[in-house]
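J.: Before I ask anything, let me first share the structure, which is written out below as structure tokens.
The values are calculated or read from the model by the stated rules, or taken from the named source; none is laboratory data. This one's a predicted model, so the numbers in the text were calculated from it and none came from an experiment. Here Cβ is always computed from backbone atoms with ideal geometry, including for glycine, and neighbour counts include all displayed protein chains. The area values use the complete protein model at the heavy-atom level, side chains included, leaving out ligands, DNA and RNA. Shrake-Rupley method; radii C 1.70, N 1.55, O 1.52, S 1.80 Å.
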Amino acid sequence: MGRMATRTRRSQRRTEALSRERIVEAAVELLDTAGEGGLTFRALTERLATGPGAIYWHVANKSELLGAVTDAVVADALGSAPDSVRDSVPAATPGSAPGSGPGSAPDSAPDSGPDSAPAGGTATGPATATGTGPATVDDGAAYPADTPAAASDIDPAGSPDSPRQRVRAVALGLFDAIDAHPWLATQLTAQFAGNPRGPVPPRIFESVGRQVQALGVPEAGWFTATSLLVHYILGAAAQNAVNSAIGRDLPPGMDRGAFLDSVSTSWEELEPDAYPFTRAVANQLRDHDDREQFLAGIDLVLAGITALHLPARPAGQREGAL
């Protein structure tokens with residue numbers, strides 16, 4: 001009888017110690033080292049020194065586990081942004097089952113390759129609020145709503161906590177997370193396409209969408225503008241992750257600089273009449289920085305959004321003046 005009570009107490013301690021958070025952390029480690037193929041419940045039980053039953057108590061299957069892992073990494077990436085961005089990020093809910101519900105993905109995760117770019121076509125838009133009257137931008141000034149605006153007028157680059165800078169912070173957080181966890185790009189594709197009602201798509205959409213709203217984009221343009229930014233962020237970050245993976249497998253003695261130099265040289269040697277543009281930008285390829293190019297793309301997208309949707313400040317009016 002005493003032996004049975006001891007065994008029961010040990011089982012209770014093991015169950016209490018094996019939280020959903022510990023399982024997710026171990027799963028991230030396995031994904032980082034062995035990829036999705038290396039994430040098995042057998043490998044997970046060995047890493048956690050437990051039995052499969054204890055893991056199934058917290059997660060029902062691999063699809064649910066991948067959803068929980070993706071949500072945790074995305075929440076952490078967005079949580080590293082400035083306070084104004086973090087306030088728009090819903091907290092992760094480790095105790096819930098991201099893969100459950102009527103919109104959940106099937107038990108087996110979609111089989112997509114490492115170079116798949118995330119697609120957010122089925123994402124749900126941010127909550128809307130109806131407003132009337134002239135358009136109002138984040139500096140509090142109201143302007144006529146029928147004339148185009150310059151992005152620098154509406155959202156000056158020098159403002160450290162402007163909506164544009166907050167979009168850049170969200171984008172860089174996701175860019176760095178996908179770079180650090182190459183498997184994340186494929187899982188984001190799976191979440192947006194197969195489980196849009198799960199926590200990941202609305203978490204990302206909310207973080208970007210609130211900044212689009214803060215820019216002063218009219219409500220009718222919120223979904224399209226936010227979708228465009230999300231598509232660019234996830235697609236460009238996924239491509240960068242593929243490039244980084246290729247860079248890690250370069251032959252001995254060749255680094256990224258040498259590789260880009262060889263590609264640039266091959267572009268410069270293309271037939272001039274057939275490839276005049278490619279030859280002209282070959283040197284820019286040689287010298288480009290991936291993060292700077294990524295952020296330049298964000299600025300281009302934001303410039304288009306503001307030019308299309310925001311009103312112009314009347315001539316001669318100072319920034320912030322009514």
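J.: Scanning for something in contact (Cβ under 8 Å) with a residue 60 or more places away in the chain, among the basic types (Lys, Arg) and open to solvent by 50 Å² or more (accessible area, probe 1.4 Å), does segment 208-227 turn up at least one residue?
T.: Start the filter on segment 208-227 by keeping residues that are in contact (Cβ under 8 Å) with a residue 60 or more places away in the chain, which leaves 209-219, 221-223, 225-227.
Adding the requirement that they be among the basic types (Lys, Arg) leaves 210.
From what is left, the residues that are open to solvent by 50 Å² or more (accessible area, probe 1.4 Å) are 210.
So far as segment 208-227 goes, yes, one or more of its residues are in contact (Cβ under 8 Å) with a residue 60 or more places away in the chain, among the basic types (Lys, Arg) and open to solvent by 50 Å² or more (accessible area, probe 1.4 Å).
J.: Scan segment 55-64 and tell me whether some residue there is touching a Leu at 6+ places or on another chain (Cβ under 8 Å), modelled with pLDDT of 95 or more and assigned to a helix (DSSP H, G or I).
T.: no
J.: Do we have any residue at all in segment 235-257 that's modelled with pLDDT under 90 and on the phi > 0 side of the Ramachandran plot?
T.: Scanning segment 235-257 turns up at least one residue that is modelled with pLDDT under 90 and on the phi > 0 side of the Ramachandran plot.
J.: It is to be established whether one or more residues within segment 271-281 are open to solvent by less than 50 Å² (accessible area, probe 1.4 Å), free of Cβ contacts under 8 Å to residues at least 40 places away in the same chain, assigned to a helix (DSSP H, G or I) and of a type outside the set (Val, Ile, Thr). Explain how you work it out, then say what you get.
T.: Going residue by residue through segment 271-281, those that are open to solvent by less than 50 Å² (accessible area, probe 1.4 Å) are 278, 281.
Next, only the ones that are free of Cβ contacts under 8 Å to residues at least 40 places away in the same chain stay: 278, 281.
The next check asks that each one be assigned to a helix (DSSP H, G or I); those that pass are 278.
Now drop any that are not of a type outside the set (Val, Ile, Thr), which leaves none.
Checking segment 271-281: not a single residue is open to solvent by less than 50 Å² (accessible area, probe 1.4 Å), free of Cβ contacts under 8 Å to residues at least 40 places away in the same chain, assigned to a helix (DSSP H, G or I) and of a type outside the set (Val, Ile, Thr).
J.: Still on this structure, please answer the following. Could you look through segment 228-258, keep only residues that are open to solvent by 80 Å² or more (accessible area, probe 1.4 Å) and assigned to a helix (DSSP H, G or I), and pick out the one that is nearest to Arg203 (Cα to Cα)? Let's see the steps before the verdict.
T.: At the first step, the residues of segment 228-258 found to be open to solvent by 80 Å² or more (accessible area, probe 1.4 Å) are 228, 239, 246, 248-249, 252-253, 255-256.
Add one more test, that the residue is assigned to a helix (DSSP H, G or I), and what stays is 228, 239, 246, 248, 256.
Numbers: Leu228: 16, Gln239: 22, Ile246: 30, Arg248: 31, Arg256: 34 Å.
Among them, the one singled out is Leu228.
J.: Let me ask something else about it. Out of curiosity, is Pro202 open to solvent by 10 Å² or more (accessible area, probe 1.4 Å) and outside any helix (DSSP H, G or I)?
T.: Values: open to solvent by 10 Å² or more (accessible area, probe 1.4 Å): yes; outside any helix (DSSP H, G or I): no.
No; evaluated as a whole, the condition is false for this residue.
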